[in-house]
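A short worksheet on the structure shown next.
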Amino acid sequence: MPIFGRKKNKEYEQAVRLLADGQIEDAIERLRAIIDDHPNYTDALTSLGVAMIQSLGENKEDGRIIQEAFDYLDRAMDSNPKDPVPVFNKAVCLRDLERYEDAIATFDRVLEIEERFALAVLHKAEIHYELEKWEEAVDLARLAAIRDPSTTVSMTWVRDAMEKAGLLDEDGNPIEKEPGQPKMF
């Protein structure tokens with residue numbers, strides 16, 4: 001039975017479980033074996049790219065591994081161009097590597113495929129916050145909250161961004177940008 005339009009594959013599930021358990025090298029080995037047998041398996045290509053970036057740990061300098069990881073992610077994107085998941089994962093990896101402008105552009109690609117992908121909007125908001133683009137961060141956070149109210153749980157930074165953007169009055173209450181607009185935060 002498919003899960004979210006994806007077929008179950010026990011080998012793949014085992015590899016992903018290894019990855020989730022922090023056994024990155026074992027997961028990479030299994031994912032490579034799956035891809036050897038199924039070269040266009042979108043989920044395995046995506047997971048292998050992500051696993052390779054995770055294998056870098058704090059040493060985010062190994063250009064060979066980074067390039068190979070992005071090659072797998074690009075193959076995943078090419079294997080199913082209408083699937084936003086590989087694109088989203090590539091954007092997250094770019095963010096992890098602090099390649100923020102590339103990450104934002106890639107999250108935009110996710111939103112071209114699936115405009116309601118709230119996590120892509122949330123990541124863009126967080127990147128803008130990290131870049132100290134306060135008002136943009138708040139605007140994107142609002143959009144993410146509208147698309148998926150559960151995203152607000154992780155938005156502990158929004159009040160700080162609102163304060164720095166001058167979007168709070170002297171009592172710490174949100175200032176309405178446009179009269180009649182609902183206050184999201």
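State whether the residues of segment 81-91 include one that is within 30 Å of A137 (Cα to Cα), basic (K, R), surrounded by 12 or more Cβ atoms within 10 Å (Cβ to Cβ) and out of contact with any strand residue (DSSP E or B) (no Cβ under 8 Å at 6 or more places or on another chain). For segment 81-91, residues within 30 Å of A137 (Cα to Cα), basic (K, R), surrounded by 12 or more Cβ atoms within 10 Å (Cβ to Cβ) and out of contact with any strand residue (DSSP E or B) (no Cβ under 8 Å at 6 or more places or on another chain): present. Number of residues in segment 36-58 that are under 16 Å from Y72 (Cα atoms) and surrounded by fewer than 18 Cβ atoms within 10 Å (Cβ to Cβ) equals 8.
Here L97 passes the criteria (1) in contact (Cβ under 8 Å) with a residue 40 or more places away in the chain; (2) surrounded by 19 or more Cβ atoms within 10 Å (Cβ to Cβ); (3) within 27 Å of E130 (Cβ to Cβ); (4) of a type outside the set (K, R) except the one numbered (2). Looking at segment 107-167, the helices (runs of 4 or more DSSP H) lying wholly inside it that each contain 2 or more residues that are under 22 Å from V87 (Cβ atoms) sit at 118-130, 134-147. When segment 109-138 is limited to residues that are among the acidic types (D, E) and touching a residue at least 12 places away in the same chain (Cβ under 8 Å), the one that is nearest to E58 (Cα to Cα) turns out to be E130. Out of E25, E112, E61, one residue alone is of a type in the set (D, E), within 18 Å of the chain's Cα centre (by Cα) and loosely packed, with under 15 Cβ neighbours inside 10 Å. It is E112.
Each reported figure results from applying straightforward, stated rules to the coordinates on display, with no laboratory input. Just so it is clear, the model here is predicted, and its values are computed rather than measured. As a convention, Cβ positions derive from the backbone with ideal geometry for all residues, glycine included, and neighbour counts pool all protein chains shown.
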